[in-house]
Amino acid sequence: MTKNVFKLFSTLALLISLTVTAVAKEITVRGTLQKTVESGGWLISAGKSKYLLLNARKFQSESWFKEGTEVEAVGETKPDVMTTYMEGTPFEARTLRAIEQGQSSLSNTATRNMSRVTVSGDSIVNAQPDTAILTLSVVTQARGALQAQQENAKQSESVVRALKAAAGSGGEVKTSGYSLQPQRVYKENQPPTITGYEARNSVTVTLSDLSKVGTVIDAASQVGANEVAGIAFTLRQDRQVRDEALRQATREAFGKAQVIANALGGRVIRIVEVQEEGTPRPLPRYETMARATADVGSTPIEVGTLEVTSRVQLIAEIEVG
């Protein structure tokens, strides 16, 4: 009789195990550590639910691992595991930590009067330019397109040779534009009439020796360059200056946040966000020039300084007493 009953229960257990689909599901459990009825066992009591810790030994060396400790565990339920007393859902924790300290910290934070302020900081850093960029053009006009083009080519060749000689080894000369356009006369109620053609060849010169700027302009003008579009003074290597501008803008923004906090009788707790508005770049200093004259006098050039600007927006969290 006893053997038959044992076989019956064994058969039922086998059928149950075959019909149960074991699905492991990762969950986060928050509750209190408690001992189980079974000696040496532990579970997490989370309200009406209980989770039996299958790997409690992994965490028992922790100082906080004791009955009554509030904990948070991340792990998987094990529905295919069966225990003697089945005291709670079988649960294997991947991580287990005490949350009593964290809750206390959150509670203290909640009692504070916290505010956020958004401030901005601006800075301007002056720098001495080390590069000059000149754009010069040869403009020729003639009744025919070929004539205008040929005359322009002749003068442009002379200008390029003069520029390279005046700029020296430290200068860079390159063509930056070319156009051949018809010149039209417009009369009322009549189609436009082409009266001639204008050829324009533009050359850009980059100089690292700023003392040669006036000399280069004079040399080009004397051999056929009849238009100087402008001069730009800038920095070839500007990283150090940009970093300093950004540093000063950030300090100014943080200083504003501290002033606001002090005015409210509080203090800055932390910086929530810092954002650079735009990229700080040296603003090229331009000297626009009209058509070159035939004056044989040397062209005076005053270099001056550059302004590197930066702007930073900062969000700070302040505690008000």
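The values are calculated or read from the model by the stated rules, or taken from the named source; none is laboratory data. These numbers come from a predicted model, not from an experiment. As a convention, Cβ positions derive from the backbone with ideal geometry for all residues, glycine included, and neighbour counts pool all protein chains shown.
Before moving on, here are some points about what is shown:
- In this structure, THR234 qualifies as under 20 Å from SER310 (Cβ atoms), surrounded by 14 or more Cβ atoms within 10 Å (Cβ to Cβ), among the polar types (S, T, N, Q) and touching a Pro at 6+ places or on another chain (Cβ under 8 Å).
- When VAL119, VAL138 are checked against the criterion of being at pLDDT 90 or above, under 30 Å from ALA257 (Cβ atoms) and under 47 Å from the mean Cα position of the chain (by Cα), a single residue qualifies: VAL119.
- Among the residues making up region 45-92, a single one is closer than 13 Å to VAL29 by Cβ and touching a residue at least 60 places away in the same chain (Cβ under 8 Å): PHE91.
- The combined condition, being of a type in the set (A, V, I, L, M, F, W, C), surrounded by 18 or more Cβ atoms within 10 Å (Cβ to Cβ) and modelled with pLDDT of 90 or more, is fulfilled by VAL203.
- Pairs where the first residue, in region 167-183, is under 12 Å from THR206 (Cα atoms) and basic (Lys, Arg) and the second is outside any loop (DSSP other than H, G, I, E, B) and modelled with pLDDT of 90 or more, C-beta under 9 Å, 6+ apart: LYS174/VAL203; LYS174/THR204; LYS174/VAL205; LYS174/THR206
- Answer residue from region 233-269, given it is more than 23 Å from the chain's Cα centre (by Cα) and assigned to a loop (DSSP other than H, G, I, E, B) and is nearest to GLU198 (Cα to Cα) among those: LEU264
- Put simply, of SER176, SER123, SER137 the only residue that is of a type in the set (Gly, Ala, Ser), assigned by TED's automatic domain parsing to the domain that holds VAL312 and in a strand (DSSP E or B) is SER123.
- Among the residues listed as GLY224, GLY230, GLY214, the single one being more than 27 Å from the chain's Cα centre (by Cα), assigned to a helix (DSSP H, G or I) and farther than 29 Å from ILE318 by Cα: GLY214
- Among the candidates GLN149, GLN181, the residue that is assigned by TED's automatic domain parsing to the domain that holds VAL228 and crowded, with 16+ Cβ neighbours inside 10 Å is uniquely GLN149.
- Selection count, region 140-173, where residues are among the acidic types (Asp, Glu) and in a strand (DSSP E or B): 1
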